[in-house]
Amino acid sequence: MREDVQDAISRVDQKRLWDRLMEMARIGAIPGNGVNRAAFSREDIAARKVLISWARARNFAVAMDAIGNLFIRRAGSDPRAAPVMTGSHMDSQPRGGRFDGIYGVLAGLEALEAIEEAGLATRHPIELVAWSNEEGGRFPPCTMGSAVYTGAKSLGELLEVKDNEGITLKDALAQTLAATPAAEKRELNAPAAAYIEAHIEQGPLLEQEGKIIGIVTGIQGLRWFNVEISGETAHAGTTSLGLRKDALRDAIAAINALHELTRDAADTVRFTIGRMLVTPNSPNSVPSHVLFSVDVRHPDPATIARLGDAVEPTVRKAVTRCSVKVTPTLHDDPCAFDPAVVDCVERAARALKLAHRRMPSGASHDAMYMARVCPTGMIFVPCERGISHNEAENARPADLAAGARVLTAALLELADR
Ligand SMILES: [Zn+2]
């Protein structure tokens, strides 16, 4: 590794990174060490202001686009070169933790600080982005900022989305934009040379295997469905079993068949029925109607296509007495990251002698949309017992700093291409 690159990496400051994570965790802090920082809320605005103040202290350029994505740029030597980007999100789930999203933002800032302190010139600018509304907890859908930035969704189609209090995205966004008026305006769809996102794993693999760095190869595909089984309600005491159209009995048969469908010796398939509504939901009435959700995921395109396409026929075959309606509600194809970026991250982990492994991401991230417009990769660091979207989310300062060092090395390699 080049000496000046080594110098920059050595300036990644574990304590500065940890102290900043803890300072951000105070914005929207909730009992149990958690964080509630909804998109475009007072807390989100406060977090943005703190991030901007850290950027200004280094004279990095600060810009914002129409959906409130925040960009912090360290200039490159070639004025025509598109930025090499890194970042993640600052919003959280209502009962979120101290690391999901914000770690990727502050690891990116730490990389910029380290490179600045080392006085390294890069050909491409290096730009940190804090994506708006990744979680979608207040204004669905999730990964909104990156979807709008990359043109996958238009801002216009989202402005009338309301939160639980009836506030529109349009109003909350306008308030957020007005609260940081000094930022330059950034166009949507501006080109990027590459994107790397650092994130806690949100799963237990790295910790279980004693690895520090996950080299993320892509994001698994996902299919969602609502399944509705309609029968007929009747008196539980008087109606003989032979005459019933029991929607719950058929729903259970369908669910058992779906479990058979998704049985996987390799244990790679993810299959969840997380929601079920039974009508009339009374102990002495035969259920007339059952609605349940299906969430199935797999990193391999052929496998997720086969499983997703089989959901409706499997349910229909299992249901014997009631009628069936299956409605697809979400469909994300698996995303494979650019091999050159994946290799670049792996080279950095190896050069820093950090135990690492390649792995797909189980969760969706903003990197999924960036992968459509530029070479993209991700870096995972372990989190305690894989717990995430939970107040108890935890990670070790040394692992978080190791991820920031890998990020710094990878950004420097990409920014000099
Ligand atoms: Zn996240």
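Projecting the Cα positions of PRO280, THR303, LEU291 onto the charge dipole of the range 262-313 (unit charges on Cβ atoms of Lys, Arg, Asp and Glu, taken about the Cα centre) puts PRO280 furthest along the positive direction.
Close amide H partners of ASP65, meaning residues 5 or more places away or on another chain with modelled amide H under 5 Å apart, are ARG186. If a/c stays under 1.5 just call it rounded; otherwise compare a/b with b/c (prolate if a/b is bigger, oblate if not). Do that for the range 237-349, with a ≥ b ≥ c from the square roots of the Cα gyration tensor eigenvalues. Here the range 237-349 falls in the prolate category.
Shown in residue order for the range 154-170 are the 3J(HN,Hα) couplings computed by the Karplus curve 6.51 cos²θ - 1.76 cosθ + 1.60 at θ = phi - 60°: 9, 4, x, 6, 9, 4, 8, 4, 10, 8, 5, 8, x, 7, 7, 4, 3 Hz (x for Gly and Pro). When the alpha-carbon atoms of the range 187-270 are used, the pair Rg, Dmax equals 23.1, 70 angstrom. Phi-derived couplings, Karplus 6.51 cos²θ - 1.76 cosθ + 1.60 at θ = phi - 60°, listed residue by residue for the range 364-376: 7, 8, 4, 4, 4, 6, 5, 4, 6, 10, 7, x, 9 Hz, with x used for Gly and Pro. For the range 1-134, a Kirkwood hydrodynamic radius built from all Cα pairs, placed in the Stokes-Einstein relation at 37 °C and 0.692 mPa s, yields a translational diffusion coefficient of 215 µm²/s. Backbone geometry of the range 2-19 corresponds, through the Karplus equation with coefficients 6.51, -1.76 and 1.60 at θ = phi - 60°, to 3J(HN,Hα) couplings of 4, 5, 5, 5, 4, 4, 4, 4, 5, 8, 4, 10, 4, 5, 4, 4, 5, 4 Hz, x marking Gly and Pro.
Taking the protein heavy atoms of the range 213-308 in the context of the full set of protein chains, the accessible area attributed to carbon and sulfur is 53 percent at 1.4 Å. Among the GluC sites (Glu not before Pro) found in the range 163-192, those both in a DSSP coil and sparsely packed, with 15 or fewer other Cβ atoms within 10 Å of their Cβ, are GLU165, GLU187.
Between GLU116 and LEU159, full extension at 0.36 nm per residue minus the direct alpha carbon distance yields a gain of 11.7 nm. Label zone of LYS317 (point 7 Å out along Cα→Cβ, amide N under 18 Å): in the range 230-270 this covers 250-265.
Taking the inverse of the mean 1/r over every pair of distinct Cα atoms in the range 295-348 gives a Kirkwood hydrodynamic radius of 14.0 Å. Protein heavy-atom accessible surface, 1.4 Å probe, per residue over the chain: 43 Å².
Within the chain, the proportion of C-alpha pairs whose separation exceeds 41 Å stands at 21%.
Over the residues of the chain, the helix contribution to mean residue ellipticity at 222 nm works out to -10500 deg cm²/dmol, using -39500 (n - 2.57) for each DSSP H run of at least 4.
For the cross-link pairs LYS15/LYS162; LYS153/LYS185; LYS153/LYS317; LYS15/LYS170; LYS15/LYS353, the ones whose C-alpha atoms lie over 31 Å apart are LYS15/LYS162; LYS153/LYS317; LYS15/LYS170.
The values are calculated or read from the model by the stated rules, or taken from the named source; none is laboratory data. Here the structure is a predicted model, which means the values were calculated and not measured. Using ideal geometry, Cβ is built from the backbone for each residue, glycine included, and neighbour counts are taken over all protein chains shown. These accessible areas exclude ligands, DNA and RNA; they are computed on the full protein's heavy atoms, side chains included. Shrake-Rupley method; radii C 1.70, N 1.55, O 1.52, S 1.80 Å.
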